[in-house]
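Q: Structure provided below as structure tokens; questions to follow.
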Amino acid sequence: MDMKVVEIAAPGGPEQLRVAVRPVPQPGPGEVLIQVAAAGVNRPDVVQRQGHYPPPAGASDLPGLEVAGTIVAVAPGVSGLRVGDQVTALLTGGGYAEYVTAAAPLCLPIPQGLSLVEAAALPETYFTVWTNVFERGGCKAGDSVLVHGGTSGIGTTAIQLATALGAKVFATAGSPEKARMCETLGAVRGIDYRTEDFVEVVKQGTEGRGVDVILDMVAGSYVQRNIEAAAVEGRIVVIAVQGGAKADIKVNLIMMKRLTLTGSTLRPRTVAQKGAIAEAVYQNVWPLLASRRVKPIIHATFALAEAAEAHRLMESSSHVGKIVLTV
Ligand SMILES: NC(=O)c1ccc[n+]([C@@H]2O[C@H](COP(=O)([O-])OP(=O)(O)OC[C@H]3O[C@@H](n4cnc5c(N)ncnc54)[C@H](OP(=O)(O)O)[C@@H]3O)[C@@H](O)[C@H]2O)c1
């Protein structure tokens, strides 16, 4: 049986995303086959399309790191999932398609009250935020947190989750309107990084202490400024290097403040490692989604065949929250 997909014809611009026909993939041991209803679009898809983020060994060459849909086949070695179940799943690729295989431990039920479009927007950002802000960053109630890129898919998730779990959140964004949007999502102060110095603003907002946790998707010149903005025993977690992979930093401040400078990527981790994150997100975050204390912010939806338009919108950076493809 064949299916419609969107593939990357060659590294390059959004026009390289083209509709193609491929065989429906077969689930291997421990996997399920999902008929896709909606697929989340993430910045890593854009970087993959540009040719700078090759899929890990064994992953589909098709873009798409998360979907929601209905299970239509279950391979041996899967327990707790059945044909007909609606799930949302984290993938290593292949989501821009009518069907995709997923590892069973990375499938979660649709949170109560959420649509399939909303559910498709969850895994990549919620898993990433959970493991970086709460596991690596050790964020807890009463902490102060600085989220860079506050209106991104990741940022809108981090602001809401940290706020819901009792942290005081500051967030940077690229315009006054976006900074106010961060405040609507729960931040005590949105910072327009083009006109304001985030180090000064967080120092003022924390009686000079600085923040306990920083989620950084910029790196480059931000690394030293994060070190200055961090409180004693602060944790700085880098998840992307949009501002450059090299940084000039004063290491003595790391010692003086006893800082932790860390980071992680999600995609190349093992199914077991990602499964542990899935379980933690299910226990800690799914109840918050069901009670609407946090919610995915859906900026726009596009038909699968319009994936190029979705990428153009993401690259314009005029979106707030997530962009989702409907299949
Ligand atoms: N390590 C991991 O496991 C992992 C997993 C998923 C995603 N990521 C990374 O996380 C980032 C967000 O992903 P996404 O899918 O949510 O993308 P997205 O919605 O396209 O967001 C990108 C964001 O970066 C912000 N940004 C760019 N330059 C900035 C600067 N100098 N200061 C502050 N913010 C800046 C943009 O803000 P403005 O538009 O306001 O400028 C925008 O909100 C991406 O870089 C992605 O690669 C990492």
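Q: Report those helices (runs of 4 or more DSSP H) wholly inside segment 263-327 carrying at least 3 residues which are among the β-branched types (Val, Ile, Thr) and touching a residue at least 40 places away in the same chain (Cβ under 8 Å).
A: 271-284
Q: Name the one entry in 177, 196 that is more than 8 Å from the ligand (Cβ to nearest atom), part of a helix (DSSP H, G or I) and at pLDDT 95 or above.
A: 177
Q: Which condition from (1) at positive phi; (2) within 16 Å of the ligand (Cβ to nearest atom) is the one that residue 233 breaks?
A: For residue 233, the exception is condition (2).
Q: Consider residue 187 carefully, then state whether it is farther than 22 Å from residue 246 by Cβ and either in a strand (DSSP E or B) or near the ligand (Cβ under 10 Å from one of its atoms) (or both).
A: For residue 187, the condition - farther than 22 Å from residue 246 by Cβ and either in a strand (DSSP E or B) or near the ligand (Cβ under 10 Å from one of its atoms) (or both) - is not met.
Q: Would you tally the residues in segment 237-274 being farther than 17 Å from residue 132 by Cβ and either at pLDDT below 95 or of a type outside the set (Asp, Glu) (or both)?
A: Filtering segment 237-274 down to residues farther than 17 Å from residue 132 by Cβ leaves 243-258, 270-272.
In the following step, the residues that additionally are either at pLDDT below 95 or of a type outside the set (Asp, Glu) (or both) were identified as 243-247, 249-258, 270-272.
Number satisfying all stated conditions: 18.
Q: Which one of 136, 82 is of a type in the set (Lys, Arg), under 24 Å from residue 59 (Cβ atoms), touching a strand residue (DSSP E or B) at 6+ places or on another chain (Cβ under 8 Å) and modelled with pLDDT of 95 or more? If you could, list the steps in order and put the result at the bottom.
A: Working: 82 fails: under 24 Å from residue 59 (Cβ atoms).
So the residue among 136, 82 that is of a type in the set (Lys, Arg), under 24 Å from residue 59 (Cβ atoms), touching a strand residue (DSSP E or B) at 6+ places or on another chain (Cβ under 8 Å) and modelled with pLDDT of 95 or more is 136.
Q: On to the next question. Under 7 Å between Cβ atoms, at least 6 apart or on separate chains: pull out the pairs that start in segment 123-138 with a residue that is farther than 14 Å from residue 265 by Cβ and more than 8 Å from the ligand (Cβ to nearest atom) and end on any residue that is hydroxyl-bearing (Ser, Thr, Tyr) and assigned to a helix (DSSP H, G or I).
A: Note: pairs meeting the criteria are 126/157.
Q: Then there is this: Is there a residue in segment 70-79 that is in a strand (DSSP E or B), without any contact (Cβ under 8 Å) to a residue 40 or more places away in the chain and surrounded by 22 or more Cβ atoms within 10 Å (Cβ to Cβ)?
A: Yes, segment 70-79 has at least one match.
Q: What do you reckon, is residue 157 at pLDDT 95 or above, part of a helix (DSSP H, G or I) and surrounded by fewer than 24 Cβ atoms within 10 Å (Cβ to Cβ)?
A: When the stated conditions are applied, residue 157 does not pass them.
Q: Being over 30 Å from residue 149 (Cβ atoms) and either crowded, with 22+ Cβ neighbours inside 10 Å or modelled with pLDDT of 95 or more (or both) is the requirement here; does residue 31 meet it?
A: Against the criterion (over 30 Å from residue 149 (Cβ atoms) and either crowded, with 22+ Cβ neighbours inside 10 Å or modelled with pLDDT of 95 or more (or both)), residue 31 qualifies.
The values are calculated or read from the model by the stated rules, or taken from the named source; none is laboratory data. It should be emphasised that the depicted structure is a prediction, and the values quoted were computed from it without experimental measurement. Methodologically, a virtual Cβ is constructed for each residue, glycine included, from the backbone with ideal geometry; neighbour enumeration extends over all protein chains shown.
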